[in-house]
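J.: First the structure, then my questions, so here it is.
The values are calculated or read from the model by the stated rules, or taken from the named source; none is laboratory data. Just so it is clear, the model here is predicted, and its values are computed rather than measured. Positions of Cβ are generated from backbone atoms using ideal geometry, with glycine treated the same way; all protein chains shown enter the neighbour counts. Ligands, DNA and RNA are excluded from the accessible area calculation, which covers all protein heavy atoms including side chains. Shrake-Rupley method; radii C 1.70, N 1.55, O 1.52, S 1.80 Å.
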Amino acid sequence: MTEAIYVEGTVRPDEESVTGMSEAIETDTTETETAPFPTKVKANNVDAFYAEKQALFGVSLDVPENQVTALIGPSGCGKSTFLRCINRMNDTIPICRVTGDITIDEQDIYDPAIDVVQLRARVGMVFQKPNPFPKSIYENVAYGPRIHGMAQGKADIDDLVESSLQRAGLWNEVKDRLGESGTSLSGGQQQRLCIARAIAVNPDVILMDEPCSALDPIATARIEELMDELRQNYTIVIVTHSMQQAARVSQRTAFFHLGYLVESGATEMIFTNPEDTRTQDYITGRFG
Amino acid sequence: MNTIILIIVLLGLTTFAYRYGRRKALTSVEGRVANLHSLPSYHGAYVALWCGLPALIVVALWLILQTDLVERMVLSGISDGISGMTKGQISLLLSDIRNLATGDITSRTPSPMVQAAAAHYVELQRLGFMLMTGAAVILTSGGLYFGLKAIQPTLRARPQVERIVRWLLLIASVIAILTTIGIILSLMFESIRFFGQVNPIEFLFGLTWSPQTALRADQVGGSGAFGAVPVFAGTLLITVIAMIVAVPIGLMAAIYMAEYASPTTRSLVKPALEILAGIPTVVYGFFAALTIGPLFRGAGESIGLSVASESALAAGLVMGVMIIPFVSSLSDDVINAVPQSLRDGSYALGATQSETIRQVILPASLHGIVGAILLAVSRAIGETMIVVMAAGLSANLTANPLEAVTTVTVQIVTLLVGDQEFDSAKTLAAFALGLVLFLVTLALNVVALRVVRKYREEYD
């Protein structure tokens, strides 16, 4: 049981954490609300299984609002699985089963009364490989608002498309060719198009699953800048393999290992003074 | 028979050449394969190609050319006897000679001239075979000698063998193209003869189809109208009915299989649907003619409609069922080829499964689906057996699916079955119909392939 130190420096004792398995790994998930960043997403004792294989063991993590939270860890550590629990994308995999509680704004998202369609409108997602639809740039962005009936008439949609593309920093590059196919853009532009597409449905939380791993360094820098701007309005959770990226863009970092959440806290702390030796080993490049 | 033995012997020698060449290559480096430029099997293949290929080519050419050459020589031997004969008479005489020479029954008692010619024919054939065998033996042994002589560790056997293999591959692909060209040409020559008797404009735009021509000059009843529009209209009507059945059902089956069905269901449903494609079309024909046709007539009577027992509807419906698997199987493949990332992207925006299918998956796979439908259309147009049995023969120009219509393929069958001179307009009309049909399906296939290819470039 440990204490997490917030960016602001408040030190708080904490509700604790959990472990499922025999070896009783001490995970520590010390997050609580501190103004001005109240907890947006709260996971408590989440287990995930792919058929018989358990992928997450009792993960508890608080994600503060308007912050970038980075999930790091070696391949296969469960960070993507955890990310996909937050918008219930794991529901689309028939063999996947999730137990435990995840709340967004105190509301249990695994409650049977919750409509997964509405949940995913509130929790946007950007994938590892840019996946624009084979439609025009305009239609890519307008897709979400249309299926949620968020706009009446063409003028509304035009506005939404423009503002979303602007917030994704893509408007100036594509405003003269909105009718061209989304797949004709470069990789970095495609990824920003996917971000614009996610923003267009006005979500609270944006999940990013290694959004820069298919991009070159310049496009990566562009997306990282964008994340920093977006956090004014959204809560961002990003899975990344690059520790430099986690250090650059995030305020909070959580380290996963073999399905356990080993440690989480302010990014600065994780990278300079980790509690756990495994975190230490990972960030210093001894494994992973 | 002798030729077959010769070819077997040649192949045997080639096999021997392969093994011997391989061994010689190995012994030349005392078993250290790494010292050879090419692997021993390439050396073997090198010798085998030298040994077998020239001889086999010569034998093949010889066999193609010999018959013609021998016949010319036989005819020139009896040139006095045949002077003044027409072309047809000469060809008849020649077939008599050939039959006599091979011991078959001849059409009349052979004259001494024919008997002598037949003996000459046999003699020339035997001489030809001996010369061919001699040439083959010389080429084989010469090739074996040169091939073996060339073998040494530095021989670049692999590039040379691979160059020949590349030529073989090229020839294999050219054969398919040549066959297509051959079909077009054979159809075209007969069609040109037909258009010599019937005006092409009348054929393509005439509204009456009644291909009965008089066998004898004094015969009545043969008007011989060759306006093909009713026939093409019938084909179109039946194809449209078939597509109305096959496209929605096939497409929906494909969507179910690709998107909704569990893997177990899919593994049962997909082969079951594909069984439909394996049923012989004759069986579909029975079904249409004996079950569906009378069923519709009965149903029509009970509500006061007059339905022909051989109706376009019955034939089109059954044909539609037959081509469901074409549409469903190909569409299922293209829908499955849509990357999972697009589905994820759509779900992550909060789209439901049906929204995702309608707005992302179908548009993304549209080109492939169009290709599948076009292939199914060309299959429906060319389909013969079902319409022969179920659609009737009367060339009505109608859009009413309850009447009997006829199709291009049915007419081709009926024109070519039966006693008619081969050069009459009636028989030749079949080739003209075949040519038009071939061009239409060829065009559809070309369009379909282009569409499918365009679809392939769609993502990435």
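J.: When both residues are 6+ apart or on different chains and their Cβ atoms are under 7 Å apart, which pairs have a first residue that lies in the stretch B:31-53 and is over 23 Å from B:Ala135 (Cβ atoms), and a second that is open to solvent by 50 Å² or more (accessible area, probe 1.4 Å) and assigned to a loop (DSSP other than H, G, I, E, B)?
T.: Every condition considered, the pairs that remain are B:Val33/B:Leu39; B:His37/B:Thr154; B:His37/B:Arg156; B:Ser38/B:Arg156.
J.: Here's another thing I want to ask about it. Kindly indicate the residue of the stretch A:73-97 that is more than 21 Å from A:Phe255 (Cβ to Cβ) and hydrophobic (A, V, I, L, M, F, W, C) and also least open to solvent (accessible area, probe 1.4 Å) among those meeting that condition.
T.: That would be A:Met89.
J.: Open to solvent by less than 40 Å² (accessible area, probe 1.4 Å) and either over 30 Å from B:Arg158 (Cβ atoms) or not β-branched (Val, Ile, Thr) (or both): is that true of B:Val47 in this structure?
T.: When the stated conditions are applied, B:Val47 does not pass them.
J.: Out of (1) away from every other protein chain (no Cβ under 14 Å); (2) surrounded by fewer than 21 Cβ atoms within 10 Å (Cβ to Cβ), what's the single condition that is false for B:Gly285?
T.: (2)
J.: Please name all residue pairs, on different chains or six or more residues apart, with Cβ atoms under 8 Å, provided the first residue is in the stretch B:329-347 and is more than 14 Å from chain A (Cβ to nearest Cβ) and the second residue is among the basic types (Lys, Arg) and assigned to a helix (DSSP H, G or I).
T.: B:Ser329/B:Lys270; B:Asp332/B:Lys270
J.: On to the next question. So is B:Pro153 modelled with pLDDT of 85 or more and part of a loop (DSSP other than H, G, I, E, B) or not?
T.: Here the answer is yes, as B:Pro153 does meet what is asked.
J.: Do you know which residues across the stretch A:109-118 are loosely packed, with under 14 Cβ neighbours inside 10 Å and away from chain B (no Cβ under 14 Å)?
T.: Answer for the stretch A:109-118, where residues must be loosely packed, with under 14 Cβ neighbours inside 10 Å and away from chain B (no Cβ under 14 Å): A:Asp111, A:Pro112, A:Ala113.
J.: If you check every pair at least six apart or on different chains, which have Cβ atoms under 6 Å apart with a residue in the stretch A:72-100 that is within 14 Å of another protein chain (Cβ to nearest Cβ) first and a residue that is acidic (Asp, Glu) second?
T.: A:Ser80/A:Asp209; A:Leu83/A:Asp209
J.: Within the stretch B:352-445, which helices (runs of 4 or more DSSP H) (wholly inside it) include 3 or more residues that are surrounded by fewer than 21 Cβ atoms within 10 Å (Cβ to Cβ) and in contact (Cβ under 8 Å) with a residue 12 or more places away in the chain?
T.: Fully inside the stretch B:352-445 and qualifying: B:362-382, B:408-416.
J.: Now for a different question. Given the conditions (1) over 30 Å from B:Val9 (Cα atoms); (2) surrounded by fewer than 14 Cβ atoms within 10 Å (Cβ to Cβ), report the number of the one that B:Ser191 does not fulfil.
T.: (2)
J.: Turning to a different aspect of this structure: Taking A:Tyr138, is it free of Cβ contacts under 8 Å to residues at least 60 places away in the same chain, closer than 30 Å to A:Ala266 by Cα and of a type in the set (Ser, Thr, Tyr)?
T.: no
J.: Here is a follow-up. Report those helices (runs of 4 or more DSSP H) wholly inside the stretch B:225-314 carrying at least 1 residues which are in contact with a helix residue (DSSP H, G or I) (Cβ under 8 Å, 6 or more places away or on another chain), touching a residue at least 24 places away in the same chain (Cβ under 8 Å) and among the basic types (Lys, Arg).
T.: Once the helices (runs of 4 or more DSSP H) in the stretch B:225-314 are filtered for at least 1 residues that are in contact with a helix residue (DSSP H, G or I) (Cβ under 8 Å, 6 or more places away or on another chain), touching a residue at least 24 places away in the same chain (Cβ under 8 Å) and among the basic types (Lys, Arg), what remains is B:263-278.
J.: Which residue, of B:Pro200, B:Pro159, B:Pro153, is more than 19 Å from B:Phe16 (Cα to Cα) and in contact with a helix residue (DSSP H, G or I) (Cβ under 6 Å, 6 or more places away or on another chain)?
T.: B:Pro153
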